[in-house]
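The structure appears below as C-alpha cells.
Read-outs: derived from the displayed coordinates by stated rules, not from any lab. None of these values were measured; they are calculated from a predicted model. Ideal geometry is used to build each Cβ from the backbone, glycine not excepted, and the neighbour counts take in all protein chains shown.
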Amino acid sequence: MKIDSIRKLNKWRREIRTQQKAIKTRVLICLGPGCLAGGSDLILKEFRTILKKKKIKNISVASIKKTGCHGFCARGPLVIIEPQGIFYSKVKKIHVAEIIEKTLQRGEIIEKLLYKDPDTEKIYKEWRKIPFYARQQKIALRNVGQIDPDEITDYIANGGYSALAKILKGMKPEEVIEQVSASGLRGRGGAGFSTGRKWATCARAEDEPRYVLCNGDEGDPGAFMDRCIMEGDPHTVLEGMIICAYAVGSKEGYIYVREEYPLAVVNLQKAIDDARRFGLLGDNILGSDLCFDIEISKGGGAFVCGESSALMKSVAGEIGEPRAKYVRSVLKGLHDKPTVLNNVESYANIPVIIEKGADWFASIGTKKSAGTKAFSLAGKIRNTGLIEVPMGITLREIIYDIGGGINDNREFKAVQTGGPSGGCLPADKLDLDVDFDTLTENGSMMGSGGMVVMDDRTCMVDVSRYFLNFLVEESCGKCVPCREGLYQLHKLNEKVCKGKAGDDDLKLMENLSRTIMSSSLCGLGQSGPNPFLSTIMYFRDEYEAHVNEQKCPGGVCKDLITYRINDDCDGCMACLKVCAADAITGKKNEKHVIDEIKCDRCGACYAVCNINAIDII
Amino acid sequence: MIIDSKKIQRVIDRLPPDKKQLIMILQDIQQEFHYLPKESVRLVADYLGMPQSAVYSAATFYKSFSLIPRGENIIKVCKGTACHIKGADLIIDQLDSGLGIKPGETTKDLKYTVEVVNCVGACAMAPVMIVNDKYFGEVRCNRAIKIAKKG
C-alpha cells in the first residue's frame, strides 16, 4: 500500500489508532541492550507461548509488545504494563506465568517485582513516579521503550511522520531551516554546532548533488544513547533525515552505523524497507515532489570514523583518515559535494521541533543550550541506564536524584563526560549546570552524552592512562602529533602508574599535551590530551602520590599496591580458586594467606571476596 | 585451513562491483569465514578494479577485519570506560589463565578467540562479555571461563 498523499496518511493514522484502541492492556517488554543481557528475549518468548495456549479476556498475543530501551537498565529485565504503568523490574522467565495469572487476569499487583527505593524503602507501583523517571523529560527518546521498533504502525500511531506531512503541506525549505535555527538546536554529537546554521550553509552551496548523512558511529566508550534510539525508534531518525533532505535539497542519504551495533542495523534496515514500501522514502514522498532515499553504511570498527571527514571517506568505501578542514565538509563533504552530517539524537529532535514549533523547543533548557540531552549513566552509580533531561540540570541532580548516588554508598570521586575527548570533573563541580558551554569552560565537554561515574576506588592516573591507550590504538596515524605525541604521552603516563616518574615527567606531559592539541589534524588529536589535562588539573595530589610516594591512593595501579587478607577471612576459598598465580594458600574455614612474591596483583581475589576480607595496602 | 576461492567469489558477488562497496564486501567475507583469507584480497581487488594494496590497506585499517584465522567461538571482552573501571582487566586475566590466550590470540585447536573491543554500548551492565554475539552482563571474574566455554 503506497501512502501517496497527506490525506491518506492521516486516514491511515486514524485507522491504526482505532485498531490499537481495541487492545486495552499492553505489556511492554524491554529488549534494550541491558535487559537483553538479562534474558528479556526469553521472557518475551514465554509470554507469547503461554498466551497462545491460554485464552484470557481482553488479553492476546497482540497485547505483548517488544520495545527498545526503557531506560532503567540497572533494574532490568523490565516488564511494563500499560495503561496503568505498572513497573516490574528484575523479571525472570519463571515470573511470567505469575504475571499473566495475577496481574493480567485478576488485576493484582505482584509486590516483589515492584521497584523499592533502597534509601526510603518506598515501593513504587507506577514507573512515572519513580524518582529515576520523574525528573526526566523525553523528546529525542519519546518513543524509545514505548513502541515496537519493527512496527511502522506504532510510530505512526504516536504521531510519526506528521512533521513530514506538515512541511510538505505548507512550509518552504527556507522556513524549515528557519524553524530549526530558531529552536536553538545544537549538534548532539558533542561539538554543539548550530544545526540550523549547518543546514543553511549546505542549502546555499551551489554544487550538486547534496547529501544528508547521519552519524551513528557512537564510538565514545561509555555512551549508548544513539544505539538505543537507532534500535528503539529507527523511524524518527529517518523522519529527521527526510525533513533535512527537504530543507537542503538532497536526494541521497546515508546512515553510518558502527559494526558493534548489529541490532541497530537490522532495525534501521527494517524501517527503511517499510518506509519505502509505504512511499515515505523514494520518489515523490507522500505524493509531493520530494524524492529522497537512505542507505545504511556499516563501519569497520574505527573510532576515528566518528570524525566528519573520516566518516565521509569511510562511506565512500575508503579508509577513514580525516583531512584538514580548510574547506568545511558541509561545502565539500561526501564525494566532495555539499553534505549535512548530523548525529542520531539531533535528527531524533527534528520531527518534534517541526511539530511543536521552535519557540516551544527553545523554552526548554538554557538560553544557549536549548532542549534536552540524552545521557547514558554508567560506572559506579546505582541507577545505571539511559536518561533524557533538560539542559541546565546540575550534575548533582543527575547523579544523586536520578542516578540514586554511588554504588555501595561509597564516596563520589569524579564523573567522566564526553568520552576520550572530554574530561573528569571532581566533587566540587557537582553543582555545575550541564550545558555545552559550562562543561567546556570547566575542562570537560558535553560530548555525545556518556557519563561514567567513579568512586574512591578509582585511580585517576589509571583513568588517564586508559583513555590515552584507547587513543593511541585509535589514532589513524596520518599526522605526527597525534600518532607520536599520544604514544609518548601514554608512555609517560605508564611511567607514573609504575611509580617511576619524577616531577619533570609531569611537566613534560603538560608541555607535550599543549603541542599535540595545537598541531593535530583532527578532533581526535586536538582533544586527545583532555583526559590527562583534566585529571591532573583536579587530581594533582593523586599524580603526586604516584610520583613522590610511589603510592596509588585509589588502590588500582598494580606496581604500587599489595593485597593482604585480614582477620575477617572465613576461609570460603573463593579467592583461592580464582587466583591464577597460585599465590593464595589456606584450608577451608581457615584464614587464607597471600604470597606477596607470587602475587601478580590482578585483583581477582579482591573482586570475588564478599566479606571485605582483603585489604589493599 | 584452505578455503576454496570459488566460495570466496560467491560471497563477493553478492554486492555490485562498486568501489564504495569495498568495506561492505570485506565485512561479508569476514562474517562468512570469520577472517579474510589471503586469497580474498586479490579477488576483491580484481572485482572492484583497484590495486591489491588499497584492499590490504582497508583490511588492516579497520579493526573488525582479521587476516589470520579466528576460532569457532569468538569471545569479546568489552573495554569501554564503564567496563574498565568495573574490572574488565580481571576478566581478561582469567581468560588468559584459563584458555592460555591473550586478547587477539586464538587457541591452537581453533576453538576460541579472545578479543578486546571498545565499548559495545551495554555500559549499564558493565563489565560485559560477548560470546558469539550473546551478551553477558555484570560478569564476575570467577565466572568468566565458564561463560566463555558454555556461551
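Summing charges over neighbours of A:Ser421, with a neighbour being any other residue whose Cβ is under 12 Å away from its Cβ, gives -3 when K and R count +1 and D and E count -1. Dividing the radius of gyration of the alpha carbons in segment A:31-158 by their Kirkwood radius gives 0.95 for Rg/Rh. Calculated mean residue ellipticity at 222 nm for chain A: -10500 deg cm²/dmol, from DSSP H runs with n ≥ 4 weighted as -39500 (n - 2.57), summed, divided by the residue count and rounded to 500.
Once the Cα-Cα distance is subtracted from the 0.36 nm per residue extended length, the A:Phe193 to A:Asp541 segment shows a gain of 121.7 nm. Between the beta carbons of A:Lys356 and A:Leu432, assuming R0 = 35 Å, the FRET efficiency works out to 0.75 to the nearest 0.05. When the Cα convex hull of the protein assembly as shown is projected onto planes of every orientation, the mean area is 33.6 nm². May I have the pair-distance distribution P(r) for segment A:461-548, computed from all Cα-Cα distances with 10 Å bins from 0 and rounded to whole percent? Pairs per bin, as whole percents: 19, 56, 22, 2. For segment A:122-224, what D do you get in µm² per second when you plug the Kirkwood radius from alpha-carbon pairs into Stokes-Einstein at 37 °C and 0.692 mPa s? Answer from the Stokes-Einstein relation: 190 µm²/s. DSSP beta bridges fully contained in chain A are about 60 percent antiparallel. What number comes out for the charge environment of A:Lys587, summing +1 per Lys or Arg and -1 per Asp or Glu over other residues with Cβ under 14 Å away? Around A:Lys587, the charge tally is +1. Taking the convex hull of the alpha carbon positions in segment B:5-61 and averaging its projected area over all directions gives 3.3 nm².
The translational diffusion coefficient of segment A:509-617, from Stokes-Einstein at 20 °C and 1.002 mPa s with a Kirkwood hydrodynamic radius over alpha carbon pairs, comes to 130 µm²/s.
Placing a label point 7 Å from the Cα of A:Val266 along the Cα-to-Cβ direction, the residues of segment A:12-35 with a backbone N closer than 17 Å are A:29-35. Once the trypsin sites (Lys or Arg not before Pro) in DSSP loops with at most 12 neighbouring Cβ atoms within 10 Å are cut out of chain A, the longest remaining piece is A:123-366. With a Förster radius of 25 Å applied to the beta-carbon distance between A:Lys367 and A:Glu174, the computed FRET efficiency rounds to 0.50. Applying both filters, DSSP loop and at most 11 other Cβ atoms within 10 Å, to the GluC sites (Glu not before Pro) of segment A:362-423 gives A:Glu411. Distance distribution note for segment A:237-356: the fraction of Cα pairs above 24 angstrom is 28%. Summing Lys and Arg as +1 and Asp and Glu as -1 over all other residues whose Cβ lies under 14 Å from the Cβ of B:Asn118 gives a net charge of -3. Kirkwood analysis of the Cα pair distances in segment A:152-362 returns a hydrodynamic radius of 16.8 Å.
Within segment B:24-99, all pairs of alpha-carbon atoms sorted by distance into 10 Å bins from zero give the percentages 17, 37, 25, 17, 4.
Once the convex hull of all Cα atoms in segment A:1-85 is built, its volume per residue stands at 134 Å³. Normalised Debye scattering of segment B:36-151 at q = 0.11, 0.13, 0.16, 0.22 Å⁻¹ gives log10 I(q)/I(0) of -0.42, -0.55, -0.74, -1.10, counting only Cα atoms as equal scatterers and leaving out solvent.
Using a cut-off of 21 Å between Cα atoms, the listed pairs B:Lys79/B:Lys134; A:Lys24/A:Lys52; A:Lys8/A:Lys65; A:Lys380/A:Lys495; A:Lys498/A:Lys591 include A:Lys8/A:Lys65; A:Lys380/A:Lys495; A:Lys498/A:Lys591 as exceeding that distance. Restricting the GluC sites (Glu not before Pro) of segment A:80-136 to loop positions (DSSP other than H, G, I, E, B) with no more than 13 neighbouring Cβ atoms within 10 Å leaves A:Glu108, A:Glu121. Applying 1/(1 + (r/R0)^6) with r as the Cβ-Cβ distance of A:Arg483 and A:His335 and R0 = 30 angstrom yields a FRET efficiency of 0.65. Among the trypsin sites (Lys or Arg not before Pro) within segment B:73-151, those in coil by DSSP and having at most 13 neighbouring Cβ atoms inside 10 Å are B:Lys108, B:Lys111. D by Stokes-Einstein for segment A:372-458, Kirkwood Rh over Cα pairs, 20 °C, 1.002 mPa s: 172 µm²/s. Fully extending the segment from A:Ala62 to A:Lys102, taken as 0.36 nm per residue of separation minus the present Cα-Cα distance, adds 12.5 nm.
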